Amino acid sequence: MDFIEMRSDTLTLPTDEMRNEMRSAEVGDDVYGEDPTVRRLEELAAAKVGKEAAMFVPSGTMGNLLAVMTHCRHGDEILLESECHIYYYEVGGLSAVAGVVPRLVRAAHGVLDPGDVRAAIREENIHYAPAACLAIENTHNRGGGTVTPITTMAALRQVADAYGLGVHLDGARIFNAALALGVDASEITRHVDSVMFCLSKGLSAPVGSILAGSAAFIKVARKHRKMLGGGMRQAGVLAAAGVVALEKMVGRLADDHANARSLGLGLAQIPGIAIDLSTVQTNIVMFDVSALKVSASQFASELALEGVRVTTRPPFGIRAVLNRHVDPDGVRRALAAVATVCSRYRR
Ligand code: TLP
């Protein structure tokens, strides 16, 4: 790549090892449960998050939707953080397809406060949609890759249990969360009933996510996946890359965290940039250009002309996501480009 790609870790390309494994993958018809590579991936994935069963799905969005459909019935209420991906970026599928009513709970940087969740749960009343599920996002995308600590996960679980709610974790970047917390991913997931995590973000697989939970839960979710048209046939060619992602790519996320840290520290030194370094906990860096009186989209366009790609959080927010295609030299070049664009607006 001759530019620095930080729009997302979803833009990571499959490794040579993934392409080799894909070429030689043993396959079968997965709708018949006969694809050995998909089975291997699902067993490996379930073990990684300490769940009985797992299912390979085409995307994180589908994995989350299947979880909502499986936890809830039409007309049920789901509690979610107000800026979470399921609510913000999944095309309203939770209502349009799963037929549930979202009840939003605000949280600083996306990390839910168990007391706020408790306060948002309403006692049974004939007028209310029955609450069925609590969804947590760890790490939290719009929060800036922020991490929900284990004690908070446990406290959220307790609140959910007190009201008989199922708990789903959008763990698209669960291994980033585990790394930041210094724990095994299963320490996080033991507090939830279901978890979705992505193979196609920092782990660099070309396609696919995992939904994991109890065997009974995954059995129902598998039926829902078929209903949505997500039953895949010789999917082993994709699952083969997922196996490499889980076996070989988790450890390298530490590089992304270190690079995010140095990007954040460097940005904090550039006049005109505002950044809250306390939110730079994993591989996402959010910063703000409002002091320069330039819109995020204008700033991002100029940055792209300098060879650095980022996404915007309008009106003034910018998001950079570190990934395996950006090394420390890339971070230095990105900082120089940001400084160049900033200098135009400080004059
Ligand atoms: N996030 C993407 C975009 O959709 C915004 C990104 O570039 O960060 N949960 C979380 C927390 C996510 O960040 C994402 C993807 C998903 C779910 C959905 O995964 P996919 O893209 O596989 O449907």
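The values are calculated or read from the model by the stated rules, or taken from the named source; none is laboratory data. From a predicted model like this one, the values you see are computed outputs, not experimental measurements. FYI the Cβ positions are ideal-geometry reconstructions off the backbone, even for glycines, and counts take in every protein chain you see.
A few notes on this one:
- Residue in the range 44-63 that is of a type outside the set (K, R), touching a residue at least 12 places away in the same chain (Cβ under 8 Å), away from the ligand (no atom under 16 Å from the Cβ) and more than 23 Å from A185 (Cα to Cα) present: no
- Residues in the range 78-137 that are within 19 Å of the chain's Cα centre (by Cα) and in a helix (DSSP H, G or I): H85, I86, Y87, Y88, G93, L94, A108, H109, G110.
- Whenever a residue of the range 281-301 is of a type in the set (A, V, I, L, M, F, W, C), its partners that are exposed (fewer than 14 other Cβ atoms within 10 Å of the Cβ), lying with C-beta atoms within less than 8 angstrom and at least six residues away or across chains, give the pairs M286/D276; L292/R346; A296/P314; A296/P315.
- Checked against (1) part of a helix (DSSP H, G or I); (2) in contact (Cβ under 8 Å) with a residue 24 or more places away in the chain, V167 passes all but condition (1).
- Among the residues of the range 11-43, those identified as within 16 Å of the ligand (Cβ to nearest atom) and either in contact with a strand residue (DSSP E or B) (Cβ under 8 Å, 6 or more places away or on another chain) or over 15 Å from A245 (Cα atoms) (or both) are L11, L41.
- Tally, over the range 123-163, of residues that are of a type in the set (D, E) and crowded, with 22+ Cβ neighbours inside 10 Å: 1
- Options E137, E123: the member that is in the same structural domain as H85 (by TED's automatic domain parsing), over 21 Å from Y89 (Cα atoms) and not hydrophobic (A, V, I, L, M, F, W, C): E123
- Out of S8, S24, sole residue that is among the polar types (S, T, N, Q) and closer than 30 Å to H191 by Cβ: S8
- Of the residues making up the range 64-83, those that are within 16 Å of the ligand (Cβ to nearest atom), surrounded by fewer than 24 Cβ atoms within 10 Å (Cβ to Cβ) and not small (G, A, S) are M69, E83.
- For the range 105-120, filtering for residues that are more than 16 Å from the ligand (Cβ to nearest atom) and either in the same structural domain as T279 (by TED's automatic domain parsing) or in contact with a helix residue (DSSP H, G or I) (Cβ under 7 Å, 6 or more places away or on another chain) (or both) leaves 4.
- Elements of type strands (runs of 3 or more DSSP E) in the range 279-323, at least 3 residues being crowded, with 16+ Cβ neighbours inside 10 Å and among the acidic types (D, E): none
- Sole residue being over 15 Å from D193 (Cβ atoms), touching a strand residue (DSSP E or B) at 6+ places or on another chain (Cβ under 8 Å) and crowded, with 20+ Cβ neighbours inside 10 Å, chosen from G242, G213: G242
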